[in-house]
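Novice: Got a structure here, written out as structure tokens. Questions coming.
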Amino acid sequence: MKAADQLPLAALNPTTAQRPIVVQVSGLKKVYRTGFWLNQKVVPLKSCSFSIFQGETFGLLGPNGAGKTTLLKTLLGIVRPTAGQGVLLSRPLGDRAVKRALATCQKAPISMTT
Ligand SMILES: Nc1ncnc2c1ncn2[C@@H]1O[C@H](COP(=O)(O)OP(=O)(O)O)[C@@H](O)[C@H]1O
Ligand SMILES: [Mg+2]
């Protein structure tokens, strides 16, 4: 049996270990090419791996430019990963049926009047 510090965190938590995985990514990498000649690179995701289980509350925190939006866009199939793979709702990233089933609203201005 593996020592506790060698197990993935989820395996240590019996409440999540028995639940289905809703999101799982492995080695996700995104390279944006920028500049007039597209000869400059920005790499917001280098090798991103994690799982989210059904019913789990998951927080994605990081400073501006950390790659949070890029990760979400990649999960939603808006941006194609340069490398790596993932599964969302039991389908590969970018799956059209999953895109149809989900709705997102990113960076939309909200105005509230009373
Ligand atoms: N379409 C794009 N083309 C080139 N660079 C991009 C593009 N989108 C984001 N970036 C760059 O990728 C990095 C991560 O951006 P982003 O994912 O928006 O971070 P966050 O949401 O954490 O602030 C930033 O350096 C940003 O300038
Ligand atoms: Mg963002």
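Novice: Between the DSSP loop rule and a limit of at most 14 other Cβ atoms within 10 Å, which chymotrypsin sites (Phe, Trp or Tyr not before Pro) in region 26-87 are left? Numbers along the way, then the final one.
Specialist: Details: sites: 32, 36, 37, 50, 53, 58; in loops: 36, 37, 58.
Those satisfying the criteria are 36, 37, 58.
Novice: Between residue 60 and residue 100, what is the label-point separation in nm under the 7 Å Cα-to-beta-carbon projection?
Specialist: Result: 2.4 nm between the two label points.
Novice: Mind checking which lysines have their C-alpha under 23 Å from residue 30, skipping anything on the same chain fewer than 8 residues away?
Specialist: 41, 46, 68, 73, 99, 107
Novice: While we're on this one: With the crude spin-label approximation of a point 7 Å out along Cα→Cβ, what separation in nm comes out for residue 49 versus residue 83?
Specialist: Taking the two extended label points, one gets 1.3 nm.
Computed from the coordinates by the stated procedures, all read-outs in this text should not be read as laboratory data. Given the structure is predicted, the values throughout are model-derived calculations rather than measurements. Backbone-built Cβ (ideal geometry, glycine too); neighbour counts: all protein chains shown.
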